[in-house]
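First up is the structure itself, then whatever we jot down about it.
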Amino acid sequence: MSKTFESPRAPEPVGAFPHAKRGGDLLFLSGIGPRLRGSKEIPGVTFDSAGNAVNYDIETQCRAVFENVRLVLEDAGATWQDIIDVTVFLTNMKKICGGKIVSTKSFRIIAADHTGITVSNLERALAFWRDVLGFELSHTAHQTGETAKEITGVAGAEIKLAVVKAPEGHKIELLEYLAPPGRKQDVHLRPCDVGHVHVALIVDDLDAVLQKIAQSGWKAAGKPQTLKTGPNAGKRVVYVRDPDGTTIELMEPPKSDSSTDSAD
């Protein structure tokens, strides 16, 4: 027996159409248009004072339709990847055949691949991350020419890089730009300044790490503090910085906690 389903976010159903009906493991959507919820407004359509449509943009309407489809799917516990068949009703095929075809392809983030850090001296940075912190060297590379420019957006870019891996597999990409000239280096960028980024690492002995990294020029921003509330309560944390201004947050779990939760 089928059950009707209505999304609290998609536009109200028109006429007798519900947003969807469930039948076993299948979800059937119907009558999904481009309107906005709580309004008679149709994206991409312009009306005159008499209420007649004087201009409309088929691409804008299509995007609005698929946005409403997405809302119904999500509220019903489904995703784009679950769709097995689509039927589209058009009143004028020329609007598609003679104009733009709207891409309905969706995307999702699969995983975080790596964290990139620009450094002033690759050999020095690699020695720290590999030899001091114990990261495993994954690979090195050299990028230049059109490839480097198109990837980074930096004209004349020439980069040598090294990728190191943490024990749990997360990768840190260390990049030294050999060109272009005139590269800026702001070692005084503070954690409170917009654009500041830090990497958080879980360590088993914070004091031992602080003592060891001090020999490589890294300095703690202050004294380690124990968090009192939140999901990281009980962890001792502190920021450390190198001569380039790179910041790492070191986090030591309580001795009885074997968790490897990520930082804040």
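Remarks
- Members of region 4-28 that are farther than 13 Å from residue 67 by Cα, at pLDDT 85 or above and of a type in the set (A, V, I, L, M, F, W, C): 5, 20, 26, 27, 28
- Just one of (1) farther than 22 Å from residue 214 by Cα; (2) surrounded by fewer than 16 Cβ atoms within 10 Å (Cβ to Cβ) fails for residue 134. It is (1).
- The numbered conditions (1) at pLDDT 95 or above; (2) touching a Lys or Arg at 6+ places or on another chain (Cβ under 8 Å) are all true for residue 196 except (1).
- The residue of region 147-164 that is nearest to residue 198 (Cα to Cα), among those that are in contact with a His (Cβ under 9 Å, 6 or more places away or on another chain) and charged (D, E, K, R), is 160.
- Cross-chain or 6+ apart pairs with Cβ under 8 Å, region 1-20 first and closer than 14 Å to residue 33 by Cβ, then among the β-branched types (Val, Ile, Thr) and part of a loop (DSSP other than H, G, I, E, B): 10/32; 19/32
- Taken over region 145-169, the criterion of being under 12 Å from residue 116 (Cβ atoms) and either of a type outside the set (Val, Ile, Thr) or part of a loop (DSSP other than H, G, I, E, B) (or both) is satisfied by 161, 162.
The values are calculated or read from the model by the stated rules, or taken from the named source; none is laboratory data. Fair warning: this is a prediction, and the values are worked out from it, not measured in the lab. Counting neighbours? That spans all protein chains shown, and the Cβs are built from the backbone with ideal geometry, glycine included.
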